[in-house]
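Contents: one structure, followed by commentary.
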């Protein structure tokens, strides 16, 4: 495992182009485009203000930079560095800007969610979509880029509009049986749209592409409901994380519950392996250090080392008692992610912030529990392999694979604290984002065997 | 308590006895307190009662009394008045004495009993008071408990009231919440509507506003990502979109359908295989089950099975409802039979299991095994024996056959290496010895020269001595004596070893010592010698030494000799290894 040098970055704005060739980072009002392999600067663009949002177009030819306070969007071309495009939303304001899947249209949501403006780079045509709903996830494009689902609110009722992204033709428009719609999400095959209600009511509605209601699911009533939702890449499972600390898995044929994953405070599932991160002071030459730690130790003697230990069952997981009197209590499953091969599901329960749970979707049971010393900030699956990277806001990167667990010290100087991790689309490198910095971490081929040696 | 009651009974018994003999009791009881005045029997003197004068009266009185008490009369009426019958008197006296004694006895008994009853009484009184106290206490407790019960009941009542109140409140609150929720929802809707209106208005205003409009600057337009030109929106596009949508949906359903079909086919295959397995498992059992009641049904079903099997095999492709039903039914049937069969086997196994422990079959197996093992042991023993013999042979004739030498190859190798080392040390030693020999020869030559010189000197000296007798010889003397004394001191010490060369052969240490004296400048070589000498006993058995040493010292052509020694050492190595094996 190798690490690149550290680069500056602001607002956590650092994206790899969809084709995996370029790395775009924002430093204040500058946009820097680098080659991913050499990290040499290819282009440098200067925007009119500090960039708040940045996004690659799907064909990796354009980069969109949004400055919400100014209501400005600037688009840069990689092929023609002197080409420019500037969209000024004027006094109507701007809260969100994004590319359409074809990379030739820009969708701007105005302040107060008055409307969505669709700008075309091809024809300079402007279209407006009225009544967009301000919610958790109001817009979702299908994976193939053909359709867009938009949550709407008119006359105190929720509607969903399905647009054809090709020419923004309204394909379907239907009312949903929700009290207060919170989000819409396409299944990866683009045929089923999951719609869920706000946390006040546990309700998931599944609509077919043509607007038919396929099924409704509600686990319980009167209590805070859905917190997160995730489709498996094969569209076979729909995982629903809720405020009661459980994940419910629906199948794609009957849309009934297949199983329920609880996140108990005491783990005594004998099939699960509990990895506990143990911090310790550096001990030079101790035999049980991982190889990575050995490698990194030279440069980071002053940092505390940590390693994973397998805990004998039963294990008590640290639980933080949430303040239920306040809004948005820290309970429930807030983030879930399926591995790219559909085999594993990683979840995090908010009142056990230090723990990541990995579930085996073949066995439909708990597989591994990663207990960290501090709260988990972010976790993401390798897009190619069943490998999970996570960070906890310290100078370490943690990796889990079915064979074991490893913690790697980031050898950057000056207190590089990993706030979030992003995989390169090839799965060969990771982008580690600190508060003001970023650093690339290169995985070595055939290194899985090495990293697994740590816990055996 | 039972004890005390018994005692009470006892006392009552004794009291009844008292009543029976009330008379005697009376007399005794009255007697006891005043023995002097009342008791006539115990009176020491009868003077007060009978005097000389009133004998007859006394007699008559006594007679009367006695008769009244039921004793035989004392007097017999005779002619001359009443006559005292001595025998009767004595009898009466005896009777009275007896009576008296018995009375005393009873008195004692009664006294004891009284004491007992008194103590009983005390005890009873005590227990009585105690029980009274207890009663008092329990009464008090009772009242206390009653009081508490009353209080608790009061509490329960109040709690009930509380509960009722709470329930009411909950209901009230629920209704409040519900009303508030409806109100809130209503307000929300109102607000939202207002919000919508405001939005609309704002939208309108912003559109109408002239000063800061939306702007869009592009250097030049870019082509579509797919390279096509955009199409006009017509009725056709809508139809096209619809078509595409349904196409994707259909594709999805198709793929799903395919998956399901595949899964279904696989499951069916598994079912078929299971069924076949079941049939094969169950069919060989048929003859064994022939005696049992299942037999008829079994055969029937088996024939059915075959039919079903065939039909289902055909219908696998058809997958029609009927075939599926048949398949599942047959599977179910088979399964049921398998289950019952397994259960029966289980029960049989449990029955047989006990018997099986002492069965004849394992015994036979055991015996066979035992025989086999015994045979094996015998074989191994033979093996060991032959090996021992072979070893013995080796020891007796180490070099005679090739096999032994081959076996000893490893030892040879070892020995060779050791010998190489020895060779090296020999070589060193040889060099040293040669050097020393050279020294010796040189020294010998020198000595002979010196001796010659000395002889000459002596001759001259003698001559001088002789001449000294002559008066002019004194002048020559001091010079000559000086030089000769220096020479003679050295020569004398050296002459002795040289004159006895056999001594040199005795031991290395001696020669070393002597050579060191002989040539002090050559000390390093002697040190070497010491070292090699010290090394030799460590490396090889001590018996080799003398020969080696002697061979070196004896022979002038050392390399040839060493070669010979080497071969000899080889031979010896064989014998040594043989020894070693023998000792092992």
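The values are calculated or read from the model by the stated rules, or taken from the named source; none is laboratory data. Worth saying up front: this structure is predicted, and the values here are computed from it rather than measured. Please note: Cβ atoms are built from the backbone with ideal geometry, for glycine as well, and neighbour counts cover all protein chains shown.
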Of the residues in region A:57-74, those that are closer than 16 Å to residue B:218 by Cβ and either over 24 Å from the mean Cα position of the chain (by Cα) or more than 12 Å from chain B (Cβ to nearest Cβ) (or both) number 5
Any hit, region B:264-274, residues being modelled with pLDDT under 90, within 14 Å of chain A (Cβ to nearest Cβ) and in a helix (DSSP H, G or I):
yes
Exception for residue A:128 within (1) part of a loop (DSSP other than H, G, I, E, B); (2) more than 8 Å from every other protein chain (Cβ to nearest Cβ); (3) surrounded by fewer than 21 Cβ atoms within 10 Å (Cβ to Cβ) falls at (1)
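Hey, can you tell me all the residues within region A:85-96 that are within 12 Å of chain B (Cβ to nearest Cβ) and either touching a helix residue (DSSP H, G or I) at 6+ places or on another chain (Cβ under 7 Å) or under 18 Å from residue A:13 (Cα atoms) (or both)?
Residues satisfying the conditions are A:91, A:92, A:93, A:94.
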Of the candidates A:82, A:102, the one satisfying the condition of being in contact (Cβ under 8 Å) with a residue 60 or more places away in the chain, facing chain B (nearest Cβ under 10 Å) and out of contact with any helix residue (DSSP H, G or I) (no Cβ under 7 Å at 6 or more places or on another chain) is A:102
The condition of being surrounded by 15 or more Cβ atoms within 10 Å (Cβ to Cβ), over 30 Å from residue B:192 (Cβ atoms) and at pLDDT below 90 holds, among A:61, A:121, A:114, only for A:121
With criteria (1) under 17 Å from residue B:221 (Cβ atoms); (2) assigned to a strand (DSSP E or B); (3) within 28 Å of the chain's Cα centre (by Cα), residue A:107 comes up short on (1)
Condition set within 27 Å of the chain's Cα centre (by Cα) and more than 8 Å from chain B (Cβ to nearest Cβ), scope region A:114-125, selection nearest to residue A:229 (Cα to Cα): answer is A:116
Note to self: With the structure loaded, tell me whether residue B:123 is under 30 Å from residue B:57 (Cβ atoms) and part of a helix (DSSP H, G or I) or whether it fails that test.
What the structure shows: no
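Which of the strands (runs of 3 or more DSSP E) contained wholly in region A:194-281 include at least 1 residues that are under 22 Å from the mean Cα position of the chain (by Cα), within 24 Å of residue A:175 (Cβ to Cβ) and away from every other protein chain (no Cβ under 14 Å)?
Where strands (runs of 3 or more DSSP E) fall fully within region A:194-281 and carry at least 1 residues being under 22 Å from the mean Cα position of the chain (by Cα), within 24 Å of residue A:175 (Cβ to Cβ) and away from every other protein chain (no Cβ under 14 Å), they are A:204-208, A:226-231, A:237-242, A:246-251.
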_Residue check for residue B:204: in contact with a helix residue (DSSP H, G or I) (Cβ under 7 Å, 6 or more places away or on another chain) and within 12 Å of chain A (Cβ to nearest Cβ)_ = no
Within region A:138-158, residues being within 13 Å of chain B (Cβ to nearest Cβ), surrounded by fewer than 20 Cβ atoms within 10 Å (Cβ to Cβ) and either in contact (Cβ under 8 Å) with a residue 24 or more places away in the chain or assigned to a loop (DSSP other than H, G, I, E, B) (or both) number 5
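Look through A:348, A:330, A:321 and report the one residue that is touching a residue at least 24 places away in the same chain (Cβ under 8 Å) and outside any strand (DSSP E or B).
A:321
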